[in-house]
Amino acid sequence: MSADRFILLKHGETRQTRIPLPPGFGVKVATDDSEGRLAVLENRLDVDIPPHVHELMDEFVYVLEGEMEIDFQGTTHRLTPGMCALLPHGIPHAMRNASQPPARALQISTPGGWDQFMEDLFAAGPAVRTAEGAMDLEKVNVIGERYGMRYTKGTMALD
């Protein structure tokens, strides 16, 4: 029954994940909770997210606190608290923090899978990092392939 999937989280609570996610990441609704229909994460934008594309998922971002920028089809859009954007699947985009403290946003992906991608990515640990400690996006793309997700540029800093 669908009622068996009811979830109620208190302020600051997140769903348990297969592996611990870094501070600033929290799963509110896991892909498995929604029978694959969506995933909801609360994220703090501690690092810039280089150009990438979701071949399968639409991504909805709602800014809770701070400011962020989204690059979409040659235009940079600045989002402030209460603003949101729908990033359609199949179109490359990038995101970056534009405030201190870093922006905090609610991210909804449909269908789900984004939470599982993040778990797989953080479970890989050093195996997907360059010697300098940045994310090696070629290696990250191997993980992302399962989720129809790929980065279109070389590396991503972790700090």
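The values are calculated or read from the model by the stated rules, or taken from the named source; none is laboratory data. Here the structure is a predicted model, which means the values were calculated and not measured. Neighbour counts are summed over all protein chains in view; Cβ atoms, including those assigned to glycine, are modelled from backbone coordinates with ideal geometry. Quick note on the areas: whole protein, heavy atoms, side chains included, nothing else; ligands and nucleic acids left out. Shrake-Rupley method; radii C 1.70, N 1.55, O 1.52, S 1.80 Å.
Could you tell me which residue of segment 91-107 is farthest from residue 43 (Cα to Cα), considering only residues that are under 16 Å from the mean Cα position of the chain (by Cα) and open to solvent by 40 Å² or more (accessible area, probe 1.4 Å)?
91
Is one or more of the residues making up segment 111-129 more than 20 Å from residue 21 (Cα to Cα), touching a strand residue (DSSP E or B) at 6+ places or on another chain (Cβ under 7 Å), not hydrophobic (A, V, I, L, M, F, W, C) and not in a helix (DSSP H, G or I)?
Looking for residues that are more than 20 Å from residue 21 (Cα to Cα), touching a strand residue (DSSP E or B) at 6+ places or on another chain (Cβ under 7 Å), not hydrophobic (A, V, I, L, M, F, W, C) and not in a helix (DSSP H, G or I), one finds none in segment 111-129, hence no.
I'm checking my understanding of the structure. Among residues of segment 1-52 that are within 25 Å of residue 94 (Cα to Cα) and among the acidic types (Asp, Glu), which one is least open to solvent (accessible area, probe 1.4 Å)?
42
I'd like the full set of residues that are open to solvent by 80 Å² or more (accessible area, probe 1.4 Å) and among the charged types (D, E, K, R), limited to segment 61-79.
65, 78
Of the residues that sit in segment 80-90 and are open to solvent by less than 70 Å² (accessible area, probe 1.4 Å) and part of a loop (DSSP other than H, G, I, E, B), which one is nearest to residue 11 (Cα to Cα)?
Among those that are open to solvent by less than 70 Å² (accessible area, probe 1.4 Å) and part of a loop (DSSP other than H, G, I, E, B), it is 82.
For the list (1) under 13 Å from the mean Cα position of the chain (by Cα); (2) farther than 13 Å from residue 56 by Cα, I need the number of the one condition that residue 112 fails.
(2)
Which residues, counting only those in segment 38-91, are of a type in the set (Ser, Thr, Tyr) and touching a helix residue (DSSP H, G or I) at 6+ places or on another chain (Cβ under 6 Å)? Talk me through it step by step, then tell me what you get.
Of the residues in segment 38-91, the ones of a type in the set (Ser, Thr, Tyr) are 62, 75-76, 80.
Answer for segment 38-91, where residues must be of a type in the set (Ser, Thr, Tyr) and touching a helix residue (DSSP H, G or I) at 6+ places or on another chain (Cβ under 6 Å): there is none.
For segment 28-44, indicate whether the set of residues that are in contact with a Ser or Thr (Cβ under 8 Å, 6 or more places away or on another chain), assigned to a loop (DSSP other than H, G, I, E, B) and farther than 21 Å from residue 146 by Cα is non-empty.
No, every residue in segment 28-44 fails to be in contact with a Ser or Thr (Cβ under 8 Å, 6 or more places away or on another chain), assigned to a loop (DSSP other than H, G, I, E, B) and farther than 21 Å from residue 146 by Cα.
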